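Engineer: Got a structure for you, written out below as structure tokens; questions coming shortly.
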Amino acid sequence: MGLYDQVDASVWKKKWIVDIRAVGDGRSVLKYLAPYVHRVAISDNRIVSVDEKTVTFRYTPSKSRQSKTRSVSGHQFVGGFAQHVLPSRLQKIRYYGWMSPNSGISPEEVRWLLAIALGWAFTLMLASPVPPRRKKSLCKECGGELRAVLVTDSLGHALYSRPPPYRDTG
């Protein structure tokens, strides 16, 4: 029987701890997460020693870049390691669907479909070069023609905006 089978099944169904913060352009996050894509959270060569009560391992803090050692109880070590275990049926890398290397769908097409599903408004290109005639929107106060200067999503966030047209008042 392996270690996985010896751990209580409820451990593998534990809720994730998710830390979501703004992190600049994402390069530092990518640099941090990239090593985890095809490897486990800690490899055997980083474990310095193990006894009945403690586990000592080597780590490198991101700011100092100098290797340090840390000793924790076996319980703390397993708890920290378990935070890196994915929930059942969740994969680290998607080899299927639109993220598959062989998928014919581009990320731009996925963004487009997602925007449509979220109900965002878009102006579609017309098949005919002649736009259909429509009644002009007029201001109720002055009777002037109204022009779109802002397009928003369903939450009121600006998706597209342009400055009002120049108007010579003098």
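The values are calculated or read from the model by the stated rules, or taken from the named source; none is laboratory data. Please read all numbers here as calculations on a predicted model, not as lab measurements. As a convention, Cβ positions derive from the backbone with ideal geometry for all residues, glycine included, and neighbour counts pool all protein chains shown.
Engineer: Out of the residues in the stretch 145-160 that are within 16 Å of residue 116 (Cα to Cα) and not polar (S, T, N, Q), state the one that is modelled with the lowest pLDDT.
Structural biologist: Per the criteria, the residue is 160.
Engineer: Something else about it: Considering only strands (runs of 3 or more DSSP E) fully contained in the stretch 30-101, which possess at least 3 residues that are under 26 Å from residue 18 (Cβ atoms) and touching a residue at least 12 places away in the same chain (Cβ under 8 Å)?
Structural biologist: Numbers: elements: 47-50, 54-59, 68-73.
Correct list: 54-59, 68-73.
Engineer: Out of all the residues in the stretch 121-144, which are assigned to a loop (DSSP other than H, G, I, E, B), among the hydrophobic types (A, V, I, L, M, F, W, C) and at pLDDT 75 or above? Break it down stepwise before answering.
Structural biologist: The initial filter retains those residues of the stretch 121-144 that are assigned to a loop (DSSP other than H, G, I, E, B), namely 121-137, 139-144.
Narrowing the set further to residues that are among the hydrophobic types (A, V, I, L, M, F, W, C) leaves 121-122, 124-127, 130, 139, 142.
139, 142 - these are the residues of the stretch 121-144 that are assigned to a loop (DSSP other than H, G, I, E, B), among the hydrophobic types (A, V, I, L, M, F, W, C) and at pLDDT 75 or above.
Engineer: Could you check how many residues of the stretch 59-81 are at pLDDT below 85 and touching a helix residue (DSSP H, G or I) at 6+ places or on another chain (Cβ under 8 Å)?
Structural biologist: 1
Engineer: All but one of (1) modelled with pLDDT of 80 or more; (2) assigned to a loop (DSSP other than H, G, I, E, B); (3) surrounded by 11 or more Cβ atoms within 10 Å (Cβ to Cβ) hold for residue 23, so report the exception by its number.
Structural biologist: The single condition residue 23 does not satisfy is (1).
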